[in-house]
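S.K.: Here's a structure for you.
The values are calculated or read from the model by the stated rules, or taken from the named source; none is laboratory data. This one's a predicted model, so the numbers in the text were calculated from it and none came from an experiment. Backbone-built Cβ (ideal geometry, glycine too); neighbour counts: all protein chains shown. For the accessible areas, the whole protein counts, side chains as well, though only heavy atoms, and no ligand, DNA or RNA atoms are used. Shrake-Rupley method; radii C 1.70, N 1.55, O 1.52, S 1.80 Å.
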Amino acid sequence: MIYVVQSGDSLTSIAKRYGVSLERLRSDNGLLPEQPLVPGQALVVFIPKETYQVRLGDTIYGIARQAGISARELIQRNPSLAQGAPLTVGEHLTLRLKEEPEGSLMVNGYAYPHIEQRVLRQAMPYLTDLSLFSYGFREDGALVPLADSRLLAEASLFGAGAVLVLTSIDESGTFSSQRASHLFQDQRLQEVVLDQLLQVMLEKGYLGLDVDFEYVEERDKEAFFHFLGRARERLHQDGFFLHVDLAPKTHAQQSGPLYTAHDYSVIGAIADSVLLMTYEWGYAYGPPMAVAPLPQVGEVLQYGVTEIAPGKIQLGIPNYGYDWTLPYEPSRRAATIGNQEAVRLAGQVGAEIQFDTVSQAPYFRYTREGIAHQVWFEDARSIQAKLRLALQYGIGGVAYWNLLRPFSQNWALLSQKIRILNRREGP
């Protein structure tokens, strides 16, 4: 369940009210030992229905088998186990929760190789797929490789599917329309790139390919579709799936460099699954607002299911927020902030967290050194609203961009609200 902190609350009083462990309440919400609670702050309260006290000689797999659950479910309900610490005789593990899941979804998460190990381990038990960002290609077709060994090992350890993300990012670190166009217009080059990708995927144990080509020029649209079709054909021959990332459109004729070539109907028919990148309404150079306001997210999903089979769709969820300085100036970049970091900041500056019921997102204002700020971020309430939207539309899953920042309460919420599918159960 989700509890919203009131003035005068303490972590001890909340734990006592619901009969839960103080330490578990703190860890499930990513709170530091001396971190103050903030009025308006959302907390996930993890209420067990059935527990088990560890005995000498117990193992994770043995306890799970005896309880009639999977080892993965046991770790999801006891996230400290994911960090690799040994079982302690006498500790209590949660086997089942009082709340029943509201539905089933696949859960995808994007990670860079430099992700902190502790943060990665927080997420791994809850992922159907781990998408590794990213491989690129040079103008001669040579792949730009990724230091992916550690991430592949973690995906294997936790039973998540490893997905190779291919982007058109060039040496400057930005999506290159020119680099993509060069690939689309040269079929020989396409075969060179696909040959190398398939070799890497076969050698390293990837399950699928994620094509993330943004800002594709309109004149390359048909060639882009052809490339995706050829990629699917080659991938399917070796048992791999094709996943494509799509800009957040609300109608077929939506114009602009991000949208024109991302034809939901055509690409939805080619791909085995798609990500709708439903975030960045609130962005670094834009005015202060929610990163993924629910009405706008809902409009994209409402349109998406009319063009793409719902089971193929993954709804994008941002794992970050922004801190804007006020008054807003378009030339001034907002600072990216993690969701746990935002709550911590609110406590440090003495702000009260507000919740916008329209966008279904938390925010707060503060002043530091005479400069006003406004912060929008995600919390358990905003995530719950997005999960329920995904269930309402009957789509295949959700995908987190990205996993670099810790967000403990998100994973605690997922383990309560969602039965997380694995690849064998997915659409």
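S.K.: Using only alpha carbon positions, build the gyration tensor of the stretch 163-237, then give the equivalent ellipsoid semi-axes as the square roots of 5 times its eigenvalues, largest first, whole angstrom.
M.R.: 21, 15, 10
S.K.: Also, I was wondering about something else. Pop out the carbon and sulfur fraction of the accessible area of the chain as a percent, whole number, probe 1.4 Å.
M.R.: In the chain, the share of accessible area belonging to carbon and sulfur is 50 percent.
S.K.: Can you tell which of Ile115, Leu81, His182 lies farthest toward the positive end of the dipole of the stretch 69-188, using +1 and -1 charges on the Cβ of basic and acidic side chains (Lys, Arg; Asp, Glu)?
M.R.: Leu81
S.K.: Here is a follow-up. Choose one of Ile63, Gln354, Leu31: the residue whose Cα lies farthest towards the positive end of the charge dipole of the chain (beta-carbon charges +1 Lys, Arg; -1 Asp, Glu; about the Cα centre).
M.R.: Value: Ile63.
S.K.: I'd like the antiparallel share, as a percent to the nearest 5, of DSSP beta bridges with both residues in the chain.
M.R.: Percent antiparallel among DSSP bridges in the chain is about 45.
S.K.: Sort 295-302, 268-275 by the packing proxy (mean of other Cβ within 10 Å over each peptide's residues), most packed first.
M.R.: 268-275, 295-302
S.K.: If you don't mind, there's one more thing I want to ask. What whole-number volume per residue, in cubic angstrom, does the convex hull of the C-alpha atoms of the stretch 299-362 give?
M.R.: Hull volume normalised by residue count: 144 Å³.
S.K.: Related question: Once the whole set of protein chains is in place, how much accessible area is left on Thr88, using a 1.4 Å probe, in Å² to the nearest 10?
M.R.: Roughly 80 Å² of Thr88 is accessible to a 1.4 Å probe.
S.K.: Please work out the FRET efficiency for the pair Val349 and Arg188, using the Cβ-Cβ distance as r and a Förster radius of 60 Å; give the result to the nearest 0.05.
M.R.: 0.55
S.K.: Taking all pairs of distinct Cα atoms, average 1/r, flip it, and tell me the Kirkwood hydrodynamic radius of the stretch 44-161 in Å to one decimal place.
M.R.: 16.3
S.K.: Turning to a different aspect of this structure: Relative contact order for the stretch 56-204: what percent, with Cα pairs under 8 Å and sequence separation of 6 or more?
M.R.: Once normalised by length, the contact order is 18 percent.
S.K.: Looking at the stretch 169-309, send over the antiparallel percent of its DSSP beta bridges, to the nearest 5.
M.R.: If I count the DSSP bridges inside the stretch 169-309, around 10 percent turn out antiparallel.
S.K.: Further question: At 0.36 nm per residue, minus the direct Cα-Cα distance, what do Glu217 and Gln66 gain on full extension? Give it in nm, one decimal, please.
M.R.: 48.7 nm
S.K.: Measure nothing but the geometry: give the 0 to 90° angle between the long axis through the Cα atoms of 408-417 and the longest principal axis through the Cα atoms of the chain, rounded to 10°.
M.R.: 90
S.K.: Ratio of the chain's C-alpha Rg to 2.2 N^0.38 Å, to two decimals?
M.R.: Expressed relative to 2.2 N^0.38 Å, the Cα Rg reads 1.01.
S.K.: If you find the alpha carbon centre of the stretch 386-425 and of the stretch 9-41, how far apart are they in angstrom?
M.R.: After rounding, the separation between the Cα centres reads 23 Å.
S.K.: Can I ask one more? Let's see if you can work this out: charge +1 on each Lys and Arg Cβ, -1 on each Asp and Glu Cβ, no other charges. What is the dipole magnitude of the chain about its Cα centre, in debye to the nearest 20?
M.R.: 1400
S.K.: Considering only protein heavy atoms, what per residue accessible area in square angstrom results for the stretch 146-257 with a 1.4 angstrom probe?
M.R.: That works out to 43 Å² for each residue.
S.K.: Counting only the heavy atoms of the protein chains, how much of Arg344 is accessible to a 1.4 Å probe, in Å² to the nearest 10?
M.R.: 70
S.K.: Please get the size of the charge dipole for the stretch 14-140, origin at its Cα centre, with Cβ charges of +1 on Lys and Arg and -1 on Asp and Glu, quoted in debye to the nearest 20.
M.R.: With only Lys, Arg, Asp and Glu charged at Cβ, the dipole is about 480 debye.
S.K.: Then there's this: Grab the eigenvalues of the alpha-carbon gyration tensor for the stretch 245-373, scale each by 5, take roots, and send me the semi-axes largest first in whole angstrom.
M.R.: Values for the stretch 245-373, descending: 33, 15, 11 Å.
S.K.: Gaussian network model of the chain, Cα springs within a sub-10 Å range: biggest mean-square fluctuation belongs to which of Asp238, Asp323, Asp28?
M.R.: Asp238
S.K.: What percentages, rounded to whole numbers, describe P(r) for the stretch 153-309 computed over all alpha carbon pairs with 10 Å bin width beginning at zero?
M.R.: 10, 36, 35, 17, 2
S.K.: Could you check the spin-label model distance between Asn422 and His114? Points 7 Å from the Cα along Cα→Cβ, value in nm.
M.R.: My value for the distance between the label points is 3.4 nm.
S.K.: I've got another one for you. Once both labels are modelled 7 Å past Cα along the beta-carbon direction, what's the Gln253-Thr88 spacing in nm?
M.R.: 6.4
S.K.: Mind listing the long-range amide H neighbours of Met106? Cut-off is under 5 Å, sequence gap 5 or more, other chains count too, H placed in the peptide plane at 1.01 Å from N.
M.R.: Amide H to amide H, under 5 Å and 5 or more residues apart or across chains, Met106 pairs with Gly397, Val398, Leu421.
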